[in-house]
Ligand code: SAH
């Protein structure tokens, strides 16, 4: 249908036309329209206004929200000419997201932790909602949905009835989106400083207000359970351990003989120690503050070897232009990890850098095998847990790769 034969529901909206031959990804429902793809903006939309996206010839593509301060000039939320981006649409999207989590966590309780809304992958670009027991931690990473936060928060209250909703902000979001937000209570009661959740039968203390991300890395839940089977009686090294997620799974679920966790953050190390005590496995775990590269180099020099090495580094780059540096970083990290693995040892290696694809990550491992003359067998190629779905419309929503390998 052509926009020039406008229907009443789209007639008053500003129009954003895509450059010739650049519209294909958006007909494919990609939610991010970068400034460089835009031919012209007609109708002078304000930041946060709904717009119609059309091809250069005026063919309707979809409905999005405009933000002149962001490189992602338009975020797309609807593909139907008749359906406006209103409360009803947000409500439907939230219902779809919540339905999936009810399917995944039918016995959810006050100690459950999972992602309720996963941004693009749930058709809500720039909104993540994590559930920690009876509280929700909400993040807005798009101005589009931040402008509609009262509507969204009231819908979340209605549908999930949390005891409270806490807003977490991401570093750099003011620069990226022109968004001024501050952490704080959005609704209901303030969360306790430390709350407790359970994952795969392991307990964790969580600081929803100040902990990393929104307090915990729920995306690794199934990977933590998966590594346990390789750990029985083993000596494990958990690098970038944060609050001890993998370490505790290795020891408590897997029956590892010992586990050493390393993280550069003192707060993370304190949390990890407390979590080990909480689970009654303080005697088989050790957590030390340190830098991973230096620690690995030290073990390599001392020829100290491990049966299992886990690598879960933070995101290496945000922009495509830093990609070579990221690849070099992953290469040297994995190379060092292989050097401290016994023959036949298990390497669990993760990458949460969206710009490093699964294929690129597999190639890095192939290069490491070649250079180190250590054959690497991939036993499991895994991703994020299913409460962090991936949208086929937005390949970038597949950010987490986790390979479990045997290194000969
Ligand atoms: N594996 C963790 C999550 C890791 S997040 C889990 O299962 O929960 C990445 C962690 O790496 C953060 O805790 C951060 O403090 C730490 N970190 C970042 N750079 C580091 C470095 N150079 N050396 C050691 N730790 C680092």
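Values in this text are rule-based calculations from the coordinates and carry no lab data. Everything numeric in this text was worked out from a predicted model, so none of it was measured. As a convention, Cβ positions derive from the backbone with ideal geometry for all residues, glycine included, and neighbour counts pool all protein chains shown.
Report, in deg cm²/dmol and to the nearest 500, the calculated mean residue ellipticity at 222 nm for the chain, where each DSSP H run with n ≥ 4 adds -39500 (n - 2.57) and the sum is divided by the residue count.
Result for the chain, helices only: -8000 deg cm²/dmol.
Any idea what the alpha-carbon Rg over 2.2 N^0.38 Å comes to for the chain?
Ratio of Cα Rg to 2.2 N^0.38 Å: 1.06.
Calculate, in nm to one decimal, what residue 91 and residue 190 gain on full extension: separation in residues at 0.36 nm each, minus their alpha carbon distance.
33.2 nm
Measure nothing but the geometry: give the 0 to 90° angle between the long axis through the Cα atoms of 323-339 and the longest principal axis through the Cα atoms of the chain, rounded to 10°.
20
Which whole-number percent gives the relative contact order of the chain, counting Cα pairs below 8 Å spaced six or more residues apart?
Relative contact order here is 11 percent.
Ranked by Cβ crowding within 10 angstrom, fewest neighbours first, how are 373, 388 ordered?
373, 388
Based on the alpha carbon coordinates of segment 354-402, what radius of gyration and maximum Cα-Cα distance (Dmax) apply, in Å?
My reading of the Cα-based Rg and Dmax gives 12.9, 39 Å.
For an R0 of 56 angstrom, estimate the FRET efficiency from the Cβ-Cβ distance between residue 105 and residue 56 and round to the nearest 0.05.
Step by step, r from the Cβ atoms, then E = 0.80.
I want to make sure I understand the PRE zone here: with the label point 7 angstrom from the Cα of residue 408 toward its beta carbon, which residues in segment 337-363 have backbone N atoms less than 13 Å away?
What the label zone holds, given the 13 Å backbone N cut-off, is 343-345.
In what order do 207, 107, 122 fall by count of nearby beta-carbon atoms within 10 Å, going from fewest to most?
Listed from fewest to most nearby Cβ atoms, that is 107, 207, 122.
Compute the Cα gyration tensor for segment 143-210, then decide on rounded, prolate or oblate, letting a ≥ b ≥ c be the square roots of its eigenvalues: rounded whenever a/c is under 1.5, prolate when a/b is larger than b/c in the other cases, and oblate in all that remain.
Oblate, since a/c reaches 1.5 and b/c is not below a/b.
Between helix 87-104 and the chain, what is the angle of the helix's C-alpha long axis to the longest principal axis, kept within 0 to 90° and rounded to the nearest 10?
30
Tell me, 296, 127, 155 in order of fewest to most beta-carbon neighbours within 10 Å?
Ranking 296, 127, 155 by Cβ neighbours within 10 Å, fewest first, gives 155, 296, 127.
Treating the angle as unsigned and between 0 and 90°, give the value, to the nearest 10°, between the Cα long axis of helix 358-372 and the longest Cα principal axis of the chain.
It is inclined by approximately 30 degrees.
Kindly rank 259-267, 215-223, 41-49 from highest to lowest mean number of other beta carbons found within 10 Å of each residue.
215-223, 259-267, 41-49
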